[in-house]
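Read the structure below first, then the notes.
The values are calculated or read from the model by the stated rules, or taken from the named source; none is laboratory data. No experiment lies behind these values; they were computed from the predicted model shown. Cβ placement follows ideal geometry from the backbone for every residue including glycine, while neighbour counts extend to all protein chains displayed.
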Amino acid sequence: MSVKKNILITDRFAQESLLTLSSQSYLNVKQTSSTSLENEELQNIHGFLIRSRTIIDESIFRRAKSLQVIITATSGFDHIDLKAAEKWGVTVMFTPEANIESAAQLTWALVLAGTNQIIAAHRSTKAGTWRDALPAGMELHRKTYGIIGLGRIGSRVAEIANVFGMNVIAYDPYIEDQQFKNAEAERVSFEEVLKRSDILSFHVPATAETQGLIHRGNLDFINRGILLVNTSRGSVIVEADLCEALAKNDIAYAGLDVYEKEPLSRNSRLLTLANVTLTPHIGAYTNEAFQKASEIASMKLIRFFMDGSTSDTLPPKAAWYGVPAPFQHNKS
């Protein structure tokens, strides 16, 4: 390759992967800690390596006229204007495999925090009140674990639930029956997963269809006393309606890693509720997920400029992408 390709990396990136990229003679690699990209940084850039803090909108494409490829070292992609990327002819890829274990692990950490009253027990112990004022915990064995979204992460969560001896049910209209069988999960309707689950977790992307899946209209028939965990995207749940259900104990507990607006506002009602565990979007925030995402992203970029090969391109070719939302009319 006679002409070097200029690569701009925003945000953090694993050192080993940086060295791999820098060792390629046809790549000129630059890294910036800023996610606000200036005009001079965008000139003559052929490839971006980014994470979710870097917002790619149409203004980026207008200014980066030489841009050929964007690779986001994340499993989510709602920080990229994919329609604009298609319009400007820029290839976009992501790394959906990198955070499966980390996201599933955090899901279960939030589940166990709720079933075993971990946060309240910690505070009680430090305050010297021991356990007398604590509510009793809940055994998982033979309880029903409901999953919305039985993809990579949802299937791993189901595998762990089966180890606990739970009955696993799941709603996902885009997954084949064989994957339900592999996950030892019973296929049920959306309404049924809400009604039957003792614990319910979400593992879906941010799309028009998944926006506001949980809202006042369906909280009326959700299983009373359910434990709800969301490590996918904050847009899945209408927070005001969730807060109301938590305050009335219709939902006994919520473990949340994602929110409608991030960072979570200091004025959020969620901060005033005792029956929630809140974490700051750390589903992929492990050393292993960081290393894997960096490595996968760097190899995708190398292969792209070596021979034009692509994988995990965006927008997804999956049947669920671009489907209009069927639940919107129930929100009021």
Matching residues, the range 149-190, being without any contact (Cβ under 8 Å) to a residue 60 or more places away in the chain, of a type in the set (Ser, Thr, Tyr) and not in a helix (DSSP H, G or I): Tyr171, Ser189
Residue list for the range 191-208, filter: assigned to a loop (DSSP other than H, G, I, E, B) and not β-branched (Val, Ile, Thr): Ser197, Asp198, His203, Pro205, Ala206, Ala208
Failed condition for Thr272, given (1) outside the structural domain of Gln68 (by TED's automatic domain parsing); (2) among the β-branched types (Val, Ile, Thr); (3) touching a residue at least 24 places away in the same chain (Cβ under 8 Å): (3)
Considering residues of the range 257-274 that are in contact with a Gly (Cβ under 8 Å, 6 or more places away or on another chain) and surrounded by 16 or more Cβ atoms within 10 Å (Cβ to Cβ) only, the residue farthest from Ala14 (Cα to Cα): Glu260
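Yes or no: Ile71 outside any helix (DSSP H, G or I) and either under 20 Å from the mean Cα position of the chain (by Cα) or at positive phi (or both)? Full working, then the answer.
Numbers: outside any helix (DSSP H, G or I): yes; either under 20 Å from the mean Cα position of the chain (by Cα) or at positive phi (or both): yes.
In short, yes.
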All positions within the range 276-294 that are without any contact (Cβ under 8 Å) to a residue 60 or more places away in the chain, in a loop (DSSP other than H, G, I, E, B) and closer than 29 Å to Ala133 by Cα: Pro280
The one condition in (1) in contact (Cβ under 8 Å) with a residue 40 or more places away in the chain; (2) touching a Phe, Trp or Tyr at 6+ places or on another chain (Cβ under 9 Å); (3) in a loop (DSSP other than H, G, I, E, B) that Ser66 fails to fulfil: (2)
